[in-house]
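In what follows, a structure is listed as structure tokens, so that the remarks can point back to it.
The values are calculated or read from the model by the stated rules, or taken from the named source; none is laboratory data. All values reported here derive from a predicted model rather than from experimental measurement. Counting neighbours? That spans all protein chains shown, and the Cβs are built from the backbone with ideal geometry, glycine included.
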Amino acid sequence: MKRWVITQHCRLKLAAIPAADLIELPRGPLSSAATAVSNFSYYDSTGGTNAMPATAYAVDADALVPRIYLAYDSEWPSDIRSYHDSINIEYWAGYSCVNDVPEDIKTWIKLRVGAYYENRESLMVGSGNFISELPRSYVDGLLDRHAVIRVI
């Protein structure tokens, strides 16, 4: 899963509600559970656009992978049109201010910008004029704890 550092507007289009009745949002972190989802709409079987009532679903902004799930005693609409972009979810992802960005991410950005300023190529010339790519260094390890790896 990819994460946004700066708050950005995201859009997710789905063909149908996943079998697990849980919609995972591909970008995070969410700005807040209350205001993160700005639009949740779907096309019904007649082609009309309908807004999903905010009381029908809940947003888990604190999960490692942000997600939307059914609220207690609710059901997904039964008349969602079966098409590649029937469901449209718009949401806000990213840290809301610079103070919320974890220090290791800020440190990684500063070190990478400095390194790329000094070495403006993705390749470097080593001893004996051998050309090699810049190696993954301990600096890149600063982001490891923020990575979300999917195991299928």
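You will find that of TYR91, TYR69, the residue that is under 19 Å from VAL148 (Cβ atoms), surrounded by 14 or more Cβ atoms within 10 Å (Cβ to Cβ) and touching a Cys at 6+ places or on another chain (Cβ under 9 Å) is TYR91 and no other. Output the residue which, of all residues in region 1-15 that are more than 16 Å from PRO102 (Cβ to Cβ) and not in a loop (DSSP other than H, G, I, E, B), is modelled with the lowest pLDDT. Out of the qualifying residues, it is GLN8. Does ILE80 qualify as being farther than 26 Å from GLN8 by Cβ and either surrounded by 17 or more Cβ atoms within 10 Å (Cβ to Cβ) or not assigned by TED's automatic domain parsing to the domain that holds ALA20 (or both)? So ILE80 fits the description; yes.
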